[in-house]
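**Q** Below is a structure I'd like to ask you about.
The values are calculated or read from the model by the stated rules, or taken from the named source; none is laboratory data. Everything numeric in this text was worked out from a predicted model, so none of it was measured. When we count neighbours, we look across all protein chains shown, and the Cβ atoms used for this are built from the backbone with ideal geometry, even at glycine.
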Amino acid sequence: MKKLIAMLLALVMVLGLAACGSSTPTETEAPAATGAAGETQAAANTPAGEGRVYYLNFKPEADAALQELAALYIEQTGVPVKVVTAASGTYSDTLTAEMAKSEAPTVFNIGNMSGLKDWDEYALDLTDTALAGELSTDDFNLYNEAGELKAMGHCYESFGIIVNTALLEKAGHSLEEITNFETLKAVADDIHARSAELGFDAFSASGLDSSSSWRFSGHLANMPLAYEFRDDGVVEQPATITGAYMDNFRSIWDLYITDTSADPKSLSTSTADESKAQFTEGKAVFYQNGTWEYAGLLEAGMNSEDLAMIPIYCGVEGEEEAGLCSGTENCWAVNSQVSEADQQASLDFLYWLVTDEVAAQKMVDTLGALPFKSAPEPTNVFLADGNRMLEEGKYTVAWAFNHTPNVDSWRATVVTALAAYSADPTDANWEQVVSAFVDGWAIEYNMVNG
């Protein structure tokens, strides 16, 4: 029945796409491989079979790299590989249409648990595959209710507290001192107390202007959400939240707005550019942001050897073992409805992507961090920090904020409450922040879901 429905939906979509002509996937011909690329051990051990690979790509920015890799793999193995990239914002519709075709994708993307519910029937169990054996962490994978590994996270991004290690050392401290909220606060308090003498402060401005507020209503808000969802086993959007970790959120927010040169009363108009400038100009040691900020910091004149990223500590028990807040919507699935030869060809290709020296380097250069044992270190220092923490066995703080209902409206209410509390940090005003979180969540959920 599901296949029939999918085929009917696909027919409707194909007709619609033919009418508007704006959302079709782009199928780029794999260019001829250039240069005499040496055959690595992984490629030499990949036998040419009768199967085919049709990779329906989720990330438009990765299209060129995947086309090059497809051509290289064809040259080395003779296995036919086709890469089709869906137009931005159309992946779900494109996938439904392509899956109804006689030669459907053999590799596709499932972004989250909601997507897995839709495509579980079409996803091969990857549990005992050689590809799964190459994983360096299980944190980004999607499992169905039967415990089967149905989609494998193959790249990720992270956010945390960016540190200017040169300034930290100038203040007489080191990264090794900071292992939890207590030690972070001790270091930040000391730097703030001596800011006039040092010429810099602990934290850059926690601006709540619209250009900056997402760092806190989204990413910092992730901390209480992630730990609550961890405790309650939440893996998809809940109708309500309890706010069990709101005291921890208050602790880290108080540190942000106290150990800084920024006036807490003016945060509602403080911008992202101002916060970044304070950090890049050497006026602050700590700056909350993500791995995506790395290139911009280098462009602003900072040195890679003076940069590091540490977890956002907020006083949760056991957080000494925490890693960065990391997540992805990029999870490989192999089509269980295609032939066994196509399935094996697809598994072989994905294995080659993350184990072949040339291919893995290209993947890292394009996507950043890959959670696989053989993947080379990314040049992005923050991603390398995240990889190191995973290798040390630190747990990943999940991206729980992805479950936020009516996200823009919920965040706007939280920002308003945070601004009021920052200007006048009383218990009564903090209760308004808690209400914006907890009551606001239920209100937005009901507004969206009825």
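Yes/no per residue for (1) closer than 18 Å to A420 by Cβ; (2) modelled with pLDDT of 95 or more; (3) under 22 Å from the mean Cα position of the chain (by Cα):
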{"position": "G199", "(1), (2), (3)": "no, yes, no"}
{"position": "A202", "(1), (2), (3)": "no, yes, no"}
{"position": "L220", "(1), (2), (3)": "yes, yes, yes"}
{"position": "P238", "(1), (2), (3)": "no, yes, yes"}
{"position": "F249", "(1), (2), (3)": "yes, yes, yes"}
{"position": "I257", "(1), (2), (3)": "yes, yes, no"}
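**Q** Follow-up. Which pairs turn up if I take residues in region 120-132 that are in the same structural domain as L56 (by TED's automatic domain parsing) and small (G, A, S) and look for partners that are assigned to a helix (DSSP H, G or I) and surrounded by 21 or more Cβ atoms within 10 Å (Cβ to Cβ) with beta carbon separation below 8 Å, at least 6 apart in sequence or on another chain?
**A** A123/L116; A130/L347; A130/Y351
**Q** Right, another one. Out of region 312-326, which residues are touching a residue at least 24 places away in the same chain (Cβ under 8 Å) and either of a type in the set (D, E) or closer than 19 Å to V354 by Cβ (or both)?
**A** Once the filter is applied, which keeps residues that are touching a residue at least 24 places away in the same chain (Cβ under 8 Å) and either of a type in the set (D, E) or closer than 19 Å to V354 by Cβ (or both), region 312-326 yields E319, E320, E321, S326.
**Q** Let me ask something else. Within region 359-374, track down each residue that is under 21 Å from G133 (Cβ atoms), in contact (Cβ under 8 Å) with a residue 60 or more places away in the chain and not polar (S, T, N, Q).
**A** Correct list: A359, M363, L367, A369, L370, P371, F372, K373.
**Q** Further question: Quick one: how many residues across region 77-97 are closer than 23 Å to M152 by Cβ, more than 26 Å from the chain's Cα centre (by Cα) and either modelled with pLDDT under 95 or buried (at least 18 other Cβ atoms within 10 Å of the Cβ) (or both)?
**A** Result for region 77-97: 4.
**Q** Still on this structure, I have one more. Only one of (1) farther than 30 Å from N109 by Cα; (2) surrounded by fewer than 22 Cβ atoms within 10 Å (Cβ to Cβ) fails for G296. Which number is that?
**A** Looking at each condition in turn, G296 falls short on (1).
**Q** Which ones in region 51-93 are touching a Leu at 6+ places or on another chain (Cβ under 7 Å) and of a type outside the set (A, V, I, L, M)?
**A** Result: Y55, N57.
**Q** Tell me the residue from Q337, Q288 that is modelled with pLDDT of 95 or more and assigned to a loop (DSSP other than H, G, I, E, B), please.
**A** On the way: Q288 fails: assigned to a loop (DSSP other than H, G, I, E, B).
On inspection, the qualifying residue turns out to be Q337.
**Q** Hey, another quick one. Taking region 313-333, which residues are part of a loop (DSSP other than H, G, I, E, B) and crowded, with 22+ Cβ neighbours inside 10 Å?
**A** Passing the criteria: Y313, C314.
**Q** Taking only region 302-337 into account, find how many residues are of a type in the set (V, I, T) and out of contact with any Phe, Trp or Tyr (no Cβ under 6 Å at 6 or more places or on another chain). Steps first, answer last, please.
**A** So in region 302-337, the residues of a type in the set (V, I, T) come out as 310, 312, 316, 328, 334.
If we keep only those that are out of contact with any Phe, Trp or Tyr (no Cβ under 6 Å at 6 or more places or on another chain) as well, we get 310, 312, 334.
Going through region 302-337 one residue at a time, the tally reaches 3.
**Q** Restricting attention to region 99-112, report how many residues are surrounded by fewer than 23 Cβ atoms within 10 Å (Cβ to Cβ) and either within 24 Å of the chain's Cα centre (by Cα) or closer than 27 Å to G327 by Cα (or both).
**A** Residues meeting the conditions: 3.
**Q** State whether one or more residues within region 406-416 are in contact (Cβ under 8 Å) with a residue 12 or more places away in the chain, of a type in the set (K, R) and assigned by TED's automatic domain parsing to the domain that holds K265.
**A** For region 406-416, residues in contact (Cβ under 8 Å) with a residue 12 or more places away in the chain, of a type in the set (K, R) and assigned by TED's automatic domain parsing to the domain that holds K265: present.
**Q** On to the next question. Cβ contacts < 7 Å: first residue without any contact (Cβ under 8 Å) to a residue 12 or more places away in the chain, restricted to region 284-311; second residue surrounded by fewer than 18 Cβ atoms within 10 Å (Cβ to Cβ), any location; separation 6+ or different chain. Result?
**A** L298/S304
**Q** Next up: Go through region 184-198 and count every residue that is of a type in the set (G, A, S) and free of Cβ contacts under 8 Å to residues at least 60 places away in the same chain.
**A** 3
**Q** Then there is this: Just one of (1) buried (at least 21 other Cβ atoms within 10 Å of the Cβ); (2) more than 23 Å from S114 (Cα to Cα) trips up G440, so point out which.
**A** (2)
**Q** Considering only region 340-384, how many residues are assigned to a helix (DSSP H, G or I), surrounded by fewer than 24 Cβ atoms within 10 Å (Cβ to Cβ) and not assigned by TED's automatic domain parsing to the domain that holds W119?
**A** The qualifying residues number 2.
**Q** Can you name the residue in region 49-64 that is surrounded by fewer than 18 Cβ atoms within 10 Å (Cβ to Cβ) and within 28 Å of the chain's Cα centre (by Cα) and, of all such residues, is modelled with the highest pLDDT?
**A** Filtering region 49-64 for residues that are surrounded by fewer than 18 Cβ atoms within 10 Å (Cβ to Cβ) and within 28 Å of the chain's Cα centre (by Cα), the one modelled with the highest pLDDT comes out as A64.
**Q** Looking only at region 113-162, filter to residues that are aromatic (F, W, Y) and closer than 30 Å to E293 by Cβ; which one of those is surrounded by the fewest Cβ atoms within 10 Å (Cβ to Cβ)?
**A** Step one: of region 113-162, the residues aromatic (F, W, Y) are 119, 122, 140, 143, 156, 159.
Imposing the further condition that a residue be closer than 30 Å to E293 by Cβ reduces the set to 140, 156, 159.
On the way: F140: 23, Y156: 26, F159: 27.
Residue satisfying both the conditions and the ranking: F140.
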